[in-house]
């Protein structure tokens, strides 16, 4: 009889501890939910202002970029009849193994990370735009500033 009481007490204490541990684990997991990955503030795009404007009247696009950024080297624009997911798949195949899964900044912007460099891919109409940036988060911010006219 004494053994049954000891086993029952251990069972109740074990279940109680499991419930308490689950609640604290869930609280910790939800605390940072939706805030994105932790990034180094020193090297982040939060220190960079998008002050310059690139405009291509022929293709009808405009986007903002940082003043010290080399626009000719880091921006590729081409016309394409393919849809964005196919173009993203081709770019992933060209780059090879990525550092992490593609980020979907918005419904029409995909960011790929390879060897610390980020490539943002977006499409407006039949114009495909590829933005390459060595800074975490900058390529996606530039791509989000894109406007068609």
- Of all residues making up the range 31-60, the number that are part of a loop (DSSP other than H, G, I, E, B), modelled with pLDDT of 80 or more and surrounded by 10 or more Cβ atoms within 10 Å (Cβ to Cβ): 5
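Out of all the residues in the range 9-30, is one or more in a loop (DSSP other than H, G, I, E, B) and at pLDDT 85 or above? Give the derivation first.
Filtering the range 9-30 down to residues in a loop (DSSP other than H, G, I, E, B) leaves none.
There is no residue in the range 9-30 that is in a loop (DSSP other than H, G, I, E, B) and at pLDDT 85 or above.
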- Query: So which pairs qualify, if the first residue must be in the range 125-148 and under 16 Å from residue 71 (Cα atoms), the second must be at pLDDT below 80 and assigned to a loop (DSSP other than H, G, I, E, B), the Cβ gap must be under 7 Å, and the two must be at least 6 apart or on different chains?
  - Reply: 129/146; 134/116; 135/48; 138/48
- Item | Selected residue [part of a strand (DSSP E or B) and farther than 15 Å from residue 74 by Cα] from 123, 130, 97 | 123
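The values are calculated or read from the model by the stated rules, or taken from the named source; none is laboratory data. What you are looking at is a predicted structure, and each value in this text was computed from that prediction instead of being measured. When we count neighbours, we look across all protein chains shown, and the Cβ atoms used for this are built from the backbone with ideal geometry, even at glycine.
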